[in-house]
Structures are given as structure tokens and as C-alpha cells.
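The values are calculated or read from the model by the stated rules, or taken from the named source; none is laboratory data. Just so you know, these numbers come straight off a predicted model, no measurement behind them. FYI the Cβ positions are ideal-geometry reconstructions off the backbone, even for glycines, and counts take in every protein chain you see. Accessible surface areas use protein heavy atoms only, side chains included; no ligands, DNA or RNA. Shrake-Rupley method; radii C 1.70, N 1.55, O 1.52, S 1.80 Å.
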Amino acid sequence: MAIYKGPTEDVLFLLDDVLRIGRYDNLPGFTDAAPDIRRAILEEASKFCEQVLTPLNRTGDAEGCARHPDGRVTTPNGFKEAFRQYGDGGWMGISAPVEFGGQGLPETLTVAVNEMMTSANMAFSMYAGLTQGALTALIVHGTPEQKATYVPKMVAGRWTGTMNLTEPHCGTDLGLLRTRATPQGDGSYRLTGSKIFISGGEHDLSENIVHLVLARIEGAQPGIRGVSLFVVPKILPAADGSLGRRNSVACGAIEEKMGIHGNATCVMNYDGATGWLVGEENRGINAMFTMMNGARLAVGVQGLALSEVAYQNAAAYAKDRLQGRALTGARFPDKVADPIIVHPDVRRALMTIRAFNESARALVLWTALQGDIAHRSPDDKARQAADDHMGLFTPVIKGVLTDIGFANTVVAQQVYGGHGYIAEHGMEQFVRDSRIAMMYEGTNGIQALDLVGRKLPKDGGRASQAFFGEVAAYVKAKSADEAMKRYVAPLAGALGDLQRATMWLAQNAPAAPDNAGAAATDYMHLFGLVALGYMWCRIAEAAQAKLSNGDGDAERMKAKLVTARFFMERMLPESGTHLARIQSGAASVMELPADEF
Ligand SMILES: Cc1cc2nc3c(=O)[nH]c(=O)nc-3n(C[C@H](O)[C@H](O)[C@H](O)COP(=O)(O)OP(=O)(O)OC[C@H]3O[C@@H](n4cnc5c(N)ncnc54)[C@H](O)[C@@H]3O)c2cc1C
């Protein structure tokens, strides 16, 4: 069976030493998350993952969800009890406002905990993750009555949430959606239409399911500007908040799919279902974006989380599996062969994953912290800068972390040889489960277009220029530092590639937009490399400081420095390849006529 241990020490190092979270004690909720509380929460989360969620990952995958003739959907054995424990443990509402029953702690902590839950059991964690997204959207856009009705029960884990966007003929292009909403004259609407691929659309984990549904009010204009957001509960709440009658929404089928078998992916049929408008008419996509932006970051974390659990298993296997001898002579002459960890190619694989995981975690936590600043800082300028960061990094985290996260599950699987292909060790499940993260919440191609087409030029390039400026200033400040040179010099080179790519796009895309479309995925990955490289510099700086202060675990800090070097020498140079591809333009991509394919 696969193993998993939460990366508590790494998260604490990143929060305390790299990001210096203590600086933000003036923000609401931060003093309540003092260092001992942070440690206790992470250790408890890790224990829950190891003892409850990890054992259910394999069985949940094998068993899957079942739809019964009466439309009920049951989740795999053990999920219901685990979800009850999750709710009772307060995990849903770590960062939810206290007035709704949450703990009001920084979102950064929730993100760290969610990484663990996802590593341990991605299918299970999705029920909770979507609920957190839905309750946040209701808090931001709901009426006081909607908040009072739904949010406390969702925070308690008694009711769960979903997001209903996709229809058979409309995925990326949501302006095509057909689900319609007819006003009833009493403030409610009747919703009719069919949604597909709805994660957690029906299940047996909670007393009620709160669907957030995009639909078009009768008479509204075609396209995305005619789309509104509705809350449509599976069971209608009675006036006193208790459960009333069943609403006309039902699961018509669940999908057979490649992975995340423990998560029910549902066809949801709305047959005159009662719902209420959330936010303004025809501004549904804006309201849904509150949920989608959170969900995009959460999906990026899925990429990291699966890469992490795959790494932990591959590293353990590499120390155990005996095959061949080290190129430099037997390391364990008393054994029939050396463990495969002695082979440079196996180490290359493990180092590749590790160098991604540790910097990706830093990037995720840095961005989550910016989210907290954007929502909690009293300072307008700080809030705006943090919001800019969030907007810019959301597509990067979603697209880059899930592309590389999936690739890393394959690299980890390879460490097992043929034993990675069979089900016994759980590696093929990580590959299958992680694959969807590149597709949902907007495919990664769409994330890349969002970055290049919207986020880069937004506000005259304010967000991207702020990031480039921050990295350039860091490079300048550290380039004379002997200990930092080996990390900072490669970062300066990659930043130059990114700036050249940005300039090339500014000069070559406006008149020929296919140049931007053909460059987008490479640009997103080039951006991601620079961001991860910057994270490695900051990690190396903090590790050196700890080593010179004689503070903490020296071996772990030395390992950070080696991993930083590996990243700079073997991963960051890919920036040049991305730049060359971007500068080649769209011609060879676009030239063949469609019927030639
Ligand atoms: C397991 C699973 C769970 C899901 N959960 C949910 C959920 O909970 N709620 C929900 O609403 N949806 C959910 N989805 C749907 C998911 O978000 C969509 O599948 C996804 O957004 C892509 O839409 P599509 O599949 O229709 O692909 P399409 O939009 O048909 O895209 C097909 C291909 O064309 C590309 N493409 C499309 N348009 C453009 C363009 N303008 N420029 C460049 N390339 C383009 C895409 O990148 C993609 O590669 C889920 C899907 C799955 C499989």
C-alpha cells in the first residue's frame, strides 16, 4: 500500500523562515495562528491524513461511487465516516469567518492542510474543496439570508457544495450555456436544464447539497453577459432552517472515468428546480469567478499534492529495491545487489520531482499569503499589490503545477519499473488521479491564454512588471553575495529570457494574435520556471541563514541547498527552450489547412 506523511516541517520552514509569516501578525486572524497553533494544526492534519484518508485512497479507487436506480449515489466504504470526522474536526472552516462557525485563521493554513488532504486522498478531498469554494462564493456574493441559511451548515461539514457550469455542448465557452431560469414572482426562479461532469453532484456524505448553478434568465441576452448565478439546494430549507421538501434536481448518471473514482462525477438534471439568484442578474460569471479562482489555486495544489505523494513512495521504493551495482563499485557488497537509489538515473528522477515539489509548495504558500493580504490588510496599496499577484499567479499555479505534477507522477512511476504499472503499489493510481487536474477548472491551454491574453496586459502590465521588478531587485541585491551567486546568476538568466519573451509578445502579438496563442503554453511554463527559480533562491537564502545560525536541522538545510543547485543546473535552463519556441512564432503551427490533420 502507498504511504504518505504530511510535509509539516517543510511547511513550517517555508512559513516561518522563507515567507516570514510573523511579519503579518497585524492582519486579522494571524495572531490566532501563533507558531504553536500552526504546528498543532499541521501535525493533526497530517495524522488525520495518515490514519484515515490514506488507507481509504486505494479502496476508494477500487470501489468507486455507485448510482442506484432511485438516483441515490453512494461513495466508497469509509468515506462517510471519514467525512463526518473531517467536519467534526473543524477542517472545513479553518479559515471561514468566525461569525459562520469557522476559526477565522489565515487561508494560508487551509491551503497547507488541503495539500495534505489531497495527497492522502484526492477523490475525498474534492468534496471538501468544492464546499469551501462554494461557501466562499456565498459569503462574498450571497444575501444576508442566503449566508445565514447555507454557510454555517457548510462550514460545519453538514451540507456540501458544488459548482455547476459545464453542459454537454459547452465547456470552455460558457457563453453557450442553455440552462434557463424562469422568475416565479416571489423572488425565486425555476431552473431547467442539464449539467454534466459535476463533481460531488450527488453523494451520501452530507445531509444536503448546495448547488451553485450558472443559468440564463429568460429573455437575457445570448453569450456570457446573459448568464446569472443561482443557489439551488438539493433539499429546500424550511423557514426554520431545517430540511424541507426535495427539490427537482437529480443525478441522472455518474461518469465512468480514468481516475478519482471515489469522487462522483455527475450528470445533474434540473427539472423546474427552485433556486435563488446569487449576486446581480447577468453577472453570474463574475460571482462564479470567486469560486473558480479559489478552485484554480486548489487544482494547482492537486498537481503538487500528487507529485509529493508519488515522490514519497518512489523515494522509499528506491532505497529498498535491489538491482544492479553502483557505477563506481558495489555500495552494499553484502547484499545481492545495491538499492536502485545508487543509480544516477534514478536519482535524477527523484531530484527532478523533489526540486519541483519544494519550490512549488513555496510558490503556493507565498500566493496564499498574498490572498490573505488581499482580503485582510487594512492598507489599500498592500491589498491592491496582493490582488495583482493573485490574478497573475492563478493561471500559472493552475497550469504549471498540474502539468508538471502529472509528469512527475509518471517519473515516480518509472522509478518502480514494471512494478509502477501494476496496481499493487498505488503508483498507477497517482498517474490516473492527477491527470484530470490539467483539464478541469479550465484546461491548461486556457490558463496559458488567460495569462498571456488577460493577466499580462491587465492594468498596463502592472502585476507582471511588479513581479519582474521584485525578482530583478532581488538578483541585484544578492549578486555580490558569494554564497548566493550560484543560485542568483541562473535566475538572472531565466528572468532575462522571460523579459525577452514578454517583449517579443508585445511586439509580435497585437497585429498577429496567433503568435500569442501559439506561444501561450511555453510562456506560462517559462513564467513558472522563473517563479520556481525565485522561490529556490529565497529557500536557499533562508537555509543558509539557518545553517550559519546553527538553528534547526542542519542536514535538512544542506539538502535544500543541494536541491536548489539541482534546480538551477538542470531545470531552469529549460527557459531558453521555451524562449526559442515562443520566438519562432505561429507560422509552422498554423500553416497546414484543417483538412490536412
Ligand atoms: C472529472 C471531471 C470533473 C469535473 N468537474 C466539474 C465540476 O464540478 N463542475 C463543472 O462545471 N465542470 C466540471 N468539469 C468540466 C471541466 O471543467 C471541463 O471539462 C473543462 O472546463 C473543459 O471543457 P470541455 O471538456 O468541454 O472541453 P472543450 O471546451 O470542448 O475544449 C476541448 C479542447 O479545446 C481547447 N479549447 C477550447 N476552446 C479554446 C480556445 N478558445 N482557445 C484555445 N483552445 C481552446 C481546450 O483547451 C481543450 O483542449 C469536470 C470535468 C471532469 C472530466
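Just a few scattered comments:
- Restricting Ala337, Ala330 to those that are out of contact with any helix residue (DSSP H, G or I) (no Cβ under 6 Å at 6 or more places or on another chain), among the hydrophobic types (A, V, I, L, M, F, W, C), farther than 16 Å from Ala407 by Cα and open to solvent by less than 40 Å² (accessible area, probe 1.4 Å) reduces the list to Ala337.
- Boolean, Arg158 is closer than 23 Å to Gly252 by Cβ and not aromatic (Phe, Trp, Tyr): no
- Filtered residues of region 255-275 (kept if closer than 20 Å to Tyr127 by Cβ and of a type outside the set (Gly, Ala, Ser)): Glu255, Glu256, Lys257, Met258, Ile260, His261, Asn263, Thr265, Cys266, Val267, Met268
- Note on region 206-220: among residues that are over 25 Å from the mean Cα position of the chain (by Cα) and of a type in the set (A, V, I, L, M), the one that is surrounded by the fewest Cβ atoms within 10 Å (Cβ to Cβ) is Ala220.
- Residue within region 120-128 that is modelled with pLDDT of 95 or more and in a loop (DSSP other than H, G, I, E, B) present: yes
- Summed over region 25-59, residues that are of a type in the set (Ser, Thr, Tyr), modelled with pLDDT of 95 or more and open to solvent by 20 Å² or more (accessible area, probe 1.4 Å) total 1.
- Verdict on Ala511 being over 24 Å from Ala355 (Cβ atoms) and either in contact with a His (Cβ under 7 Å, 6 or more places away or on another chain) or open to solvent by 20 Å² or more (accessible area, probe 1.4 Å) (or both): yes
- Long-range neighbours under 9 Å by Cβ, at least six apart or interchain, first residue under 19 Å from Leu174 (Cα atoms) and aromatic (Phe, Trp, Tyr) within region 186-204, second within 14 Å of the ligand (Cβ to nearest atom) and not in a loop (DSSP other than H, G, I, E, B): Phe197/Thr265; Phe197/Cys266; Phe197/Val267
- Residue among Lys319, Lys335 that alone is in a helix (DSSP H, G or I), more than 30 Å from Val232 (Cβ to Cβ) and without any contact (Cβ under 8 Å) to a residue 24 or more places away in the chain: Lys319
- Only listed residue being within 16 Å of the ligand (Cβ to nearest atom), open to solvent by less than 10 Å² (accessible area, probe 1.4 Å), touching a residue at least 60 places away in the same chain (Cβ under 8 Å) and farther than 26 Å from Glu43 by Cα, chosen from Ala134, Ala123: Ala134
- Looking across region 98-108, the residues that are closer than 23 Å to Leu205 by Cα and open to solvent by 40 Å² or more (accessible area, probe 1.4 Å) come down to Gly101, Gln103.
- When Pro168 is tested against (1) touching a Cys at 6+ places or on another chain (Cβ under 7 Å); (2) in contact (Cβ under 8 Å) with a residue 12 or more places away in the chain; (3) open to solvent by 10 Å² or more (accessible area, probe 1.4 Å), just one condition goes unmet, and that condition is (1).
- For Thr443: the one exception among (1) open to solvent by 50 Å² or more (accessible area, probe 1.4 Å); (2) more than 16 Å from the ligand (Cβ to nearest atom): (2)
- Flag for Thr402 being at pLDDT 95 or above, among the hydroxyl-bearing types (Ser, Thr, Tyr) and within 12 Å of the ligand (Cβ to nearest atom): no
- Top-ranked residue in region 520-559 [being among the acidic types (Asp, Glu) and assigned to a helix (DSSP H, G or I); ranked as most open to solvent (accessible area, probe 1.4 Å)]: Glu555
- Any hit, region 172-182, residues being farther than 28 Å from Gly303 by Cα, open to solvent by 20 Å² or more (accessible area, probe 1.4 Å) and touching a His at 6+ places or on another chain (Cβ under 8 Å): yes
- Checking region 67-75 against the condition returns a match, with at least one residue being at pLDDT 95 or above, among the polar types (S, T, N, Q) and within 24 Å of Gly259 (Cβ to Cβ).
- Some residue of region 288-295 being surrounded by fewer than 24 Cβ atoms within 10 Å (Cβ to Cβ) and within 11 Å of the ligand (Cβ to nearest atom): yes
- Residue that is surrounded by the most Cβ atoms within 10 Å (Cβ to Cβ) [pool: residues in region 560-597 that are assigned to a loop (DSSP other than H, G, I, E, B) and in contact (Cβ under 8 Å) with a residue 60 or more places away in the chain]: Leu572
Table: residues versus (1) touching an Asp or Glu at 6+ places or on another chain (Cβ under 7 Å); (2) over 30 Å from Lys257 (Cα atoms); (3) of a type in the set (Gly, Ala, Ser); (4) away from the ligand (no atom under 16 Å from the Cβ).
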residue	(1), (2), (3), (4)
Val431	no, no, no, no
Asp481	no, yes, no, yes
Arg486	no, yes, no, yes
Gln499	no, yes, no, yes
Pro513	no, yes, no, no
Thr521	no, no, no, no
Tyr534	no, yes, no, yes
Ala540	no, yes, yes, yes
